[in-house]
Amino acid sequence: MVHYAVRRFGLALLILFVAVTVMFLMIRAVPGDPVQIMLGPRATPELQARLTAELALDQPIIKQLAIFYGNLLQGDLGIDVFSGRSVTSIVFQQLPHTLSLIFASIIWSATLGIALGAYAAAHPNTVIDRVTAAISVSFVAAPAFVVALLSLLIFAVHLQWFPAIGAGEGFWDRLDHLVLPSLAIGLSWVGYIARLVRASMLEVMGEPHIRTARAFGLSERRIVMIYALRIAILPVVTVIGVGMGFLLSSAVFAEIVFARPGLGKLVIDSITTRNYPVVMGSVLVSTGLFVVSTALADLINAWLDPRARAGH
Amino acid sequence: MTETLLEIDNLGVDYETARGDLKALRDISFDVKKGEIVGIVGESGCGKSTLISSILKLTAPNTRFRNGEVRFKGQDLLQNNERQMRSLRGSDISIIFQDPMQTHNPVLSIGAQMVDIQHRSKAAKADKRATAAKMLAAVGIPDPEARLDQFPHEFSGGMRQRIAIAMALMSEPDLLIADEPTTALDATLEVQIIERLHELQREMHCAVLFISHHLGVIAELCDRVVVMYAGAVVESGDVRAIFHDPKHPYTRRLIDCDPGHIKERARVLPTIPGEVPDLANLPTGCIFRDRCEQAGPRCAAVPPLAGIADGHNAACWLNHKGGVS
């Protein structure tokens, strides 16, 4: 297991290195002088030269990359062009808001989705199964920004049950502020996970080893909860791991609609003001988040499934 | 006369399908005595698997028990509810399934599964583990203590079938059902596993219902044989009588087709011409009539499974006065 974890995180680092390098080169390949765009048309040549030197843009591209990685290894993502603050501190100030939003969404949608899916699989082709199927499909079909706007209108403006904007202060207030945004981006996941668990569960319940477990008189409850669910959950873990990327992009919507601080809002704001170091820094952290979450999903799978551990 | 353990009496089982009822088992009758090994032979699709799942009542949802009884120690299992059945499964009646590669849970260690199936025992977990290790040693798995922590995919097919046997015999059942336990294994392994199973059976003195289409194994292992064809018993009796003096044309043809019986080098292997009848749309009369070379006018009526000699039964008019005409 430890061996597997080391190998898997080694791979994650490699992926991150490739992704970041490609991203770095892509930004450099965009036409136009970033210094001119940042400083505007009325900047003096001296000012332009100073910024060019500061950003090391006068160096060859390989050297720029080396400088970038050198800074990155020291935790330095560069300097915000406008405020002069370190990008690292800006990004890590916003990160907790996005992380809490994503985790809240995953936790409630996975719990509900797995429960609905397992229940539907245990009672296939009954009324309950059909109802969960209808609910699931309509949840999947609802785009996050529509749910975000509607829930904002209904629960925050009309009913006034939950706060409409911001992230809140203190634990309970923060939780209160999380309800609507996490509802908005988690809703389609409930349906998706429920469908996935149902299909996967029905498949596992038909496998010969479940018949063996029954032939030894194990209780149906134990068979479903231990013998079947542990296998049926494997694809769900993978999907959630990969789904972090999608959640990050839906978080952008939720953060804009609910005026929440967070990575998504930071990226949008800095793209519109062409604040490249901040864009680069936040995209880099998002990429890191994605790579780490897929690696974590693989690790959880390996912990649940000995075959994956052995590399089968 | 030894005590009868399992009596199957006129058992009729249908599968409800979109094409109508599929008559999977019709008027099945035979019994298994204590400590005896009874073989069931027949081609694929003759109802062997339906029969086994009916005994354990681990049937598909579209299964309907139409008539008859399955008496185990005198009690009709078909009248049992699910809770009563569950208390029999894996304690009084155990089963070894056909495909050892898929019979164990892939994500739980062998030890965990072997401890889990002792759920009726009040013993401490360490004792259950010790019992499991002892059973693994009994079926010939070296270093059983260490291997308990391994997962199914770390064992070979032969090893896994040994483990399945160990699991089935751990509760010292009165009846062991072996559903083609060696079909998925190669020939040398087959002999080893059969021998080990036979040894353990003699030690524990449990009855075995051994399903196979390998006649050689049946002849070597079993005391009595039940021959099934298209969901019906066509002949049953002592293993010697069945193999040396078969009384049903189907049994004769089956023995002729067994590769072990072919003495001369042949260009074409012997087969039984024709096909198994459609069970959803049964022909009238004897079930084997269409494929039987000896069929006559009398075969338009279903022949009863009648006694010929002591314990030897066959369902064929040829054994009756007047023959098939």
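Rule-based calculations on the coordinates, nothing more; no lab input. Not measured: the values here are computed from a predicted model. Cβ sites come from the backbone with ideal geometry, for glycine too, and all protein chains shown count toward neighbours.
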Please say if region B:60-143 is rounded, prolate or oblate, where rounded means a/c under 1.5 for a ≥ b ≥ c the square roots of the C-alpha gyration tensor eigenvalues, and otherwise the choice is prolate for a/b larger than b/c and oblate otherwise? prolate
Sort by residue number and name the cysteines in chain B that have no neighbouring cysteine Cβ under 4.7 Å. B:Cys46, B:Cys206, B:Cys222, B:Cys257, B:Cys292, B:Cys316
Dividing the alpha-carbon radius of gyration of chain B by 2.2 N^0.38 Å, where N counts its residues, gives 1.05
Just the Cα atoms of region A:1-76, one point each, no solvent: what log10 I(q)/I(0) does Debye give at q = 0.23 Å⁻¹? -1.12
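With the contact rule set at Cα under 8 Å and sequence spacing of 6 or more, what percent relative contact order holds for region B:2-125? Don't skip to the answer; put the middle values down first.
Numbers: 141 pairs, mean separation 32.0, N = 124.
Worked out over region B:2-125, it gives 26 percent.
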Given contacts defined as C-alpha pairs under 8 Å and at least six residues apart, what's the relative contact order of chain B, whole-number percent? 20 percent
Sort out for me the Cα centre separation of region B:260-287 from region A:9-77, rounded to whole Å. 79 Å
To the nearest 500 deg cm²/dmol, what mean residue ellipticity at 222 nm is calculated for chain A from DSSP H runs of n ≥ 4 alone, each contributing -39,500 (n - 2.57), summed and divided by the residues? -24500 deg cm²/dmol
With runs of 4+ DSSP H residues as the only contributors, calculate the mean residue ellipticity of chain B at 222 nm using -39,500 (n - 2.57) per run, divided by the residue total and rounded to the nearest 500. -8500 deg cm²/dmol
Could I get the Rg over Rh figure for the protein assembly as shown? Both from C-alpha atoms, Rh via Kirkwood, rounded to two places. 1.16
Projected-area mean, region A:162-312, by convex hull of Cα positions, square nanometres: 12.2 nm²
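In percent, what relative contact order does region B:102-172 have, based on Cα pairs under 8 Å that are 6 or more apart in sequence?
Values: 69 pairs, mean separation 30.1, N = 71.
Relative contact order here is 42 percent.
Once you wrap a convex hull around the alpha carbon atoms of chain A, what is its projected area averaged over all directions, in nm²? Mind dumping the intermediate values first?
Details: hull surface 83.7 nm².
Computed as one quarter of the Cα hull surface, the answer is 20.9 nm².
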Measure nothing fancy, just the Cα-based angle from helix A:2-29's long axis to the longest principal axis of chain A, in degrees from 0 to 90, nearest 10. 40 degrees
At what distance in angstrom do the alpha carbon centres of region B:16-47 and region B:141-166 lie from each other? 31 Å
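Relative to the compact globular guide of 2.2 N^0.38 Å, what is the alpha carbon radius of gyration of region B:172-325, as a ratio?
On the way: Rg = 17.2 Å, N = 154, 2.2 N^0.38 = 14.9 Å.
Dividing the Cα Rg of region B:172-325 by 2.2 N^0.38 Å gives 1.16.
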Region B:102-172, convex hull of Cα, quarter of hull surface, nm² -> 4.2 nm²
I'd like the distance between the alpha-carbon centres of region B:64-102 and region A:263-312, rounded to an integer number of Å. 52 Å
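Once you sort the root eigenvalues of the Cα gyration tensor of region B:134-184 as a ≥ b ≥ c, which label holds: rounded (a/c under 1.5), prolate (a/b larger than b/c) or oblate (the other case)?
Values: a/c = 2.37, a/b = 1.29, b/c = 1.84.
Oblate is the answer for region B:134-184, as a/c is 1.5 or above yet b/c matches or exceeds a/b.
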For chain A, modelled as a GNM with alpha-carbon contacts under 10 angstrom, which of A:Phe162, A:Phe145, A:Phe290 fluctuates the most? A:Phe162
What does the C-alpha gyration tensor say about the overall shape of region B:253-325? Classify as rounded when a/c is under 1.5, otherwise prolate if a/b is larger than b/c, or oblate. oblate
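Provide the percentage of antiparallel DSSP beta bridges, counting only those with both residues in the protein assembly as shown; round to the nearest 5. Provide the component values of the computation, followed by the final result.
Working: 32 of 50 bridges.
In the protein assembly as shown, approximately 65 percent of DSSP beta bridges are antiparallel ones.
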